[in-house]
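Below: the structure, in structure tokens.
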Amino acid sequence: MKAVILAGGLGTRLSEETALRPKPMVEIGGRPILWHIMKMYSSHGINDFIICCGYKGYVIKEYFANYFLHMSDVTFCMHNNQMEVHHKRAEPWTVTLVDTGDESMTGGRLKRVRQYIEHDDAFCFTYGDGVGDIDILASIAFHQQHGKLATLTATYPPGRFGALDIQGDAVKSFKEKPKGDGAMINGGFFVLSPAVIDLIESDATIWEQEPLMALAEQDQLMAFRHEGFWQPMDTLRDKHLLEELWQSGKAPWKRWE
């Protein structure tokens, strides 16, 4: 199964870090948060990634083009223009980097990568700025069991995001950024049928609005409940929290060796 990751937004609420790089390249523990998300999926056996690039996408491309340099010890022999790589660390990843436009919205970016996932039975889809100890394989099994078009991970927020009205395991309504209290929210980490892309009209379509609302109204949106750790990196405070957890050696999302 493939995982599509949104990595093209401006990250305006984290402008201290995103003036020179896209938000998914902001580092936690010396590694981009995008790397942490990919390691989460990889720890569940998902190693084929479609990255939706946009704002400063060349930074992401350069990172993966030189990945072994970032992850290995290197000796440069300047006098004869040679390079020796020591202790090369390889990931079992296939990474496709797609320019989905600087101005595209979340739905528009997904629509732009349709050709890479349209023949699959299902694919994973998430944002490039959030981590958690989500059981991704269990969410996939849940999606395959219920047979609907879409599954989202429902979680409790550290802040307020898109609230869900869940009856049983079915999402009956979706409301973006409500002022209510205590509801579970859209934590991302979707499992989707490629058919959902038919609900995306254009680059200007926001995934969290018309497409998700339509799926809920059509009884095609189910909630995989996650009551463990989940944390987006929306602000500098969020980044510092994630950094502290990583440095403590107790990062809940780290399920790999």
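The values are calculated or read from the model by the stated rules, or taken from the named source; none is laboratory data. Here the structure is a predicted model, which means the values were calculated and not measured. Positions of Cβ are generated from backbone atoms using ideal geometry, with glycine treated the same way; all protein chains shown enter the neighbour counts. All accessible areas refer to the heavy atoms of the entire protein, side chains included, with ligands and DNA or RNA removed. Shrake-Rupley method; radii C 1.70, N 1.55, O 1.52, S 1.80 Å.
Take the conditions (1) at pLDDT 95 or above; (2) surrounded by fewer than 21 Cβ atoms within 10 Å (Cβ to Cβ); (3) among the aliphatic types (A, V, I, L, M); L236 misses just one of them, which is (1).
Determine whether the range 71-80 contains at least one residue that is modelled with pLDDT of 95 or more and within 28 Å of L241 (Cβ to Cβ). So far as the range 71-80 goes, no, none of its residues is modelled with pLDDT of 95 or more and within 28 Å of L241 (Cβ to Cβ).
The number of residues in the range 76-118 that are β-branched (V, I, T) and assigned to a loop (DSSP other than H, G, I, E, B) comes to 2. If the condition is being within 14 Å of the chain's Cα centre (by Cα) and outside any helix (DSSP H, G or I), then the range 12-26 contributes P22, V26. Within the range 61-83, no residue that is over 14 Å from R21 (Cβ atoms) and touching a residue at least 60 places away in the same chain (Cβ under 8 Å) sits with its Cβ atom under 7 Å from a residue that is among the hydroxyl-bearing types (S, T, Y) and not in a loop (DSSP other than H, G, I, E, B) at 6+ positions apart or across chains. Scanning the range 119-160 for residues that are open to solvent by 70 Å² or more (accessible area, probe 1.4 Å) and either in contact with a Ser or Thr (Cβ under 7 Å, 6 or more places away or on another chain) or part of a loop (DSSP other than H, G, I, E, B) (or both) yields H119, D121, D135, Y156, P158, R160. The single condition from (1) buried (at least 22 other Cβ atoms within 10 Å of the Cβ); (2) within 28 Å of E201 (Cβ to Cβ); (3) in contact with a Cys (Cβ under 9 Å, 6 or more places away or on another chain) that G107 fails is (3). V113 meets each of the listed conditions (1) open to solvent by 60 Å² or more (accessible area, probe 1.4 Å); (2) touching a residue at least 40 places away in the same chain (Cβ under 8 Å) apart from (1).
Taking the conditions (1) under 16 Å from the mean Cα position of the chain (by Cα); (2) under 21 Å from W207 (Cα atoms) in turn, G101 satisfies each one other than (1). Among the residues of the range 172-182, at least one is surrounded by 20 or more Cβ atoms within 10 Å (Cβ to Cβ) and modelled with pLDDT under 95.
Within the range 27-48, the set of residues being under 13 Å from the mean Cα position of the chain (by Cα) and polar (S, T, N, Q) comprises just one member, S42. Contact annotation: residue pairs with Cβ atoms under 8 Å, 6 or more positions apart or on different chains, pairing a residue in the range 19-40 that is on the phi > 0 side of the Ramachandran plot with a partner that is open to solvent by 10 Å² or more (accessible area, probe 1.4 Å), are G29/E243; G29/W246; G29/Q247; G29/A251.
Within the range 17-72, being over 20 Å from G132 (Cα atoms), β-branched (V, I, T) and surrounded by fewer than 20 Cβ atoms within 10 Å (Cβ to Cβ) holds for T18, V59. Counting the residues of the range 191-231 that are more than 24 Å from L245 (Cβ to Cβ) and part of a strand (DSSP E or B) gives 5.
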